[in-house]
Every structure is written in C-alpha cells, then in structure tokens.
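The values are calculated or read from the model by the stated rules, or taken from the named source; none is laboratory data. Here the structure is a predicted model, which is why all the values come from computation and not from measurement. In this analysis, Cβ positions are derived from the backbone assuming ideal geometry, glycine residues included, and neighbour counts consider all displayed protein chains. Ligands, DNA and RNA are stripped out before the accessible areas are found, and what is left, the full protein with its side chains, is counted by its heavy atoms. Shrake-Rupley method; radii C 1.70, N 1.55, O 1.52, S 1.80 Å.
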Amino acid sequence: KCIIRQQDLKSFCGPVCVLQTKFEISKLEWHRRGDYFITVAPNAAASAVLIHQLSKANTQQPFNKNKGGSEVQCACFHPNKPFIFVANKQQVRVYHLMQQKMIKKLKSGCRWIQSLSVHPSGDHVIVGSLDRRMVWFDLDLSN
C-alpha cells in the first residue's frame, strides 16, 4: 500500500507528500487539474497502477488484478473525462473510472511500449516504443 503524508505548507518548505511503497515506482503522471497523480510500479501486479489524491491524502487502487497478462509500462489521465489510459507492452487500454470498466483497447503493433501521451483535447493518443516507432491514435475514429 502507498501512504501519503501531507505536510503543513505554511510552516514547512519541503516536500508536499511522501510516498512509501513496497515496489519501485517507474512512472508518475499528474492530472491536468493538479490534485491527482497516477503512479506505475510494473512489478507490483494488481497494485501496479495507483491513483493518489493530494487534497484528501488518499490512494486508490483501480484494479483488483492485472488484466492483459503483462507488466504495466505507463499510465496517464484523460484531460477532460474520467478515463485513464494504461499501456502494457503491446497495447493501450482505456478505462472509465466511474463505471469501473474497460471501454477501449488500442493495439499498437509495437513490440514494447515505452511512453504514452494524450493531447489536451483528449481526442488523440501518441505511443512511443523501444523499437523506434511512434503510433498515433485518433479516439474519435477508432472503435
């Protein structure tokens, strides 16, 4: 489990929060509004993706088990909707956080996804891989 300890910002000029985890965190992405951030720990199985809220000092685990069978490589938030994008080695899954279900699966054709970025409009996703490919998805056109 992750523990978030929020410090008193008026009297302390140090870190805002301290994360204590059992596994090494490989990626961290902020939500556009700044109150939430998502962490990825590939070796943590079900707790590989964790969502943290700074204002409430709370951590949520959106998945009970690792779906897809391979390690999670990266994850990020949709800028406008309650979606998260979770990439494993070869595909990106789009999950609806309120309904708690997968809504899309984006197959990249890459061998190993390394990075993931969502356009500020939320309509486009770019995936970068270790085999020197960049894949662009238009979420309005895909099924």
* Using modelled amide H (1.01 Å from N, peptide plane; none on Pro or chain starts), what sits under 5 Å from the amide H of SER26, excluding residues fewer than 5 places away? -> VAL40, ALA41
* With each pseudo-label sitting 7 Å past Cα toward Cβ, what's the LEU54-HIS119 distance in nm, one decimal? -> 2.8
* **HIS31 long-range amide H proximity, modeled H, under 5 Å** => TYR36, PHE37, ILE38
* With 24 Å as the limit, write out which pairs from LYS22/LYS81; LYS65/LYS105; LYS56/LYS104; LYS22/LYS104 have Cα-Cα distances beyond it, or answer none. => LYS22/LYS81; LYS56/LYS104; LYS22/LYS104
* Asked: Tell me, what ³J(HN,Hα) does each residue in segment 121-132 have, in order and in whole Hz, if you take phi through Karplus 6.51 cos²θ - 1.76 cosθ + 1.60 with θ = phi - 60° and put x for Gly and Pro?
  -> 6, x, 8, 10, 10, 10, 10, x, 10, 6, 8, 6
* To do: Please give the solvent-accessible surface of THR39 in Å², to the nearest 10, using a probe radius of 1.4 Å with every protein chain present.
  => 0
* Structure fact -> Any residue on another chain or 5+ positions along whose placed amide H is under 5 Å from the amide H of VAL72 is listed here as none
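Going through segment 87-143, which chymotrypsin sites (Phe, Trp or Tyr not before Pro) have at most 15 other Cβ atoms within 10 Å and a DSSP loop state?
TRP112
Just how large is the dipole of segment 49-143 about the Cα centre, in debye to the nearest 20, putting +1 at every Lys and Arg Cβ and -1 at every Asp and Glu Cβ? Walk me through the intermediate numbers first.
Working: 13 positive and 5 negative charges, 68 e Å.
Here the size comes out at about 320 debye.
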